[in-house]
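Chemist: My structure is below; once you've seen it, I'll send some questions.
The values are calculated or read from the model by the stated rules, or taken from the named source; none is laboratory data. Because the structure is predicted, anything quoted here is derived from the model rather than measured. Every residue, glycine as well, gets a Cβ built from its backbone with ideal geometry; the counts of neighbours run over all protein chains shown. Ligands, DNA and RNA are excluded from the accessible area calculation, which covers all protein heavy atoms including side chains. Shrake-Rupley method; radii C 1.70, N 1.55, O 1.52, S 1.80 Å.
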Amino acid sequence: MQQVPLAVVAAIDDEVRIIRSRMSVDARLHLRPSVFTRGTCEQRPLLLVTSGIGREAMDRAARYLIERYRPALCLHVGYCGGADPSLAAGDMVIANPVVDGRSGERISPDRGAADRARKTLDALGIKSREAGLVTVDEIAHGPFDKAFLGTQHEAAAIDMESVSLARACVEAGVPHVVVRAVLDPLDYEIPDLEGAVDEAGNADGVALAGRLLKKPAEIMRLPRIEYLASQARQSITALVGAWLKEGTQ
């Protein structure tokens with residue numbers, strides 16, 4: 001076991017690519033679709049993990065992470081969909097609880113880590129809210145679907161991975177907190193790119209072109225989604241950067 005003080009975990013590289021670009025890398029391990037990058041950032045030790053999309057990919061990555069590295073803290077970041085009209089792109093949701101959309105199981109974060117996340121975001125001037133986040137199996141594309149899920153599970157946000165990370169951490173006694181940045185607010189209908197993005201979050205150019213030919217209206221949404229992603233990515237980067245500067249524990 002190679003114990004690390006902090007593991008920052010995300011589903012896809014796009015969510016944390018700025019953080020990765022700032023790292024001094026000591027080692028990188030590929031367990032497709034997961035990637036484990038170990039090194040330093042802001043002169044602090046950091047293990048950066050991207051699991052791949054979906055709860056199964058996150059479950060495999062989280063359990064390997066805990067078994068091999070036994071982090072003192074898991075900080076799970078990434079994009080989420082907004083299920084509450086008060087949330088805008090780039091706003092952060094400190095998940096309490098994380099809700100399993102299948103079983104209804106509700107998992108709370110480490111209290112100290114959640115408080116630290118809130119204080120750090122307040123100091124950065126980033127709007128945040130501690131609220132429920134529900135993990136589902138498929139992307140909720142439109143406002144109706146997002147609102148329905150939010151009401152059904154008493155959640156302000158939606159994602160596809162967090163419950164797997166939260167459950168693995170709780171079972172192993174590893175402190176964790178999930179802090180997700182809103183990518184698509186409630187009133188935004190996210191493009192349907194099913195089959196054009198692989199498990200690691202990479203776009204297949206041929207499949208993407210074919211998908212857009214079948215649904216040309218989706219083309220008009222692509223520039224907007226990249227802008228929204230940049231807002232969410234900035235918030236994630238600021239949180240992780242500030243966390244590292246304050247100390248990894």
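Chemist: Which of the residues spanning the stretch 75-110 are farther than 22 Å from THR237 by Cβ, open to solvent by 10 Å² or more (accessible area, probe 1.4 Å) and in contact with a Gly (Cβ under 9 Å, 6 or more places away or on another chain)?
Modeler: Answer for the stretch 75-110, where residues must be farther than 22 Å from THR237 by Cβ, open to solvent by 10 Å² or more (accessible area, probe 1.4 Å) and in contact with a Gly (Cβ under 9 Å, 6 or more places away or on another chain): ALA83, ASP84, ASN96, PRO97, ARG106.
Chemist: Another question, if that's okay. Please go through the stretch 87-113 and give me each residue that is more than 21 Å from SER230 (Cβ to Cβ), touching a residue at least 12 places away in the same chain (Cβ under 8 Å) and not in a strand (DSSP E or B), ordered by number.
Modeler: Result: GLY101, ARG102, GLY104, GLU105, SER108, PRO109, ASP110, GLY112, ALA113.
Chemist: Oh, and also: Can you give me the number of residues within the stretch 114-149 that are in a helix (DSSP H, G or I), in contact (Cβ under 8 Å) with a residue 60 or more places away in the chain and either open to solvent by less than 10 Å² (accessible area, probe 1.4 Å) or out of contact with any strand residue (DSSP E or B) (no Cβ under 9 Å at 6 or more places or on another chain) (or both)?
Modeler: Counting residues in the stretch 114-149 that are in a helix (DSSP H, G or I), in contact (Cβ under 8 Å) with a residue 60 or more places away in the chain and either open to solvent by less than 10 Å² (accessible area, probe 1.4 Å) or out of contact with any strand residue (DSSP E or B) (no Cβ under 9 Å at 6 or more places or on another chain) (or both) gives 8.
Chemist: If I ask for residues that are open to solvent by less than 70 Å² (accessible area, probe 1.4 Å) and assigned to a helix (DSSP H, G or I), which ones from the stretch 37-74 would you list?
Modeler: Within the stretch 37-74, ARG55, ALA57, MET58, ASP59, ALA61, ALA62, TYR64, LEU65, ILE66, TYR69 qualify.
Chemist: Looking at the stretch 172-186, is at least one residue open to solvent by 10 Å² or more (accessible area, probe 1.4 Å), in a helix (DSSP H, G or I) and modelled with pLDDT of 95 or more?
Modeler: Checked against the condition, which is being open to solvent by 10 Å² or more (accessible area, probe 1.4 Å), in a helix (DSSP H, G or I) and modelled with pLDDT of 95 or more, the stretch 172-186 yields at least one hit.
Chemist: For the list (1) farther than 18 Å from VAL9 by Cβ; (2) among the basic types (Lys, Arg); (3) not in a strand (DSSP E or B), I need the number of the one condition that ARG167 fails.
Modeler: Among (1) farther than 18 Å from VAL9 by Cβ; (2) among the basic types (Lys, Arg); (3) not in a strand (DSSP E or B), ARG167 violates only (1).
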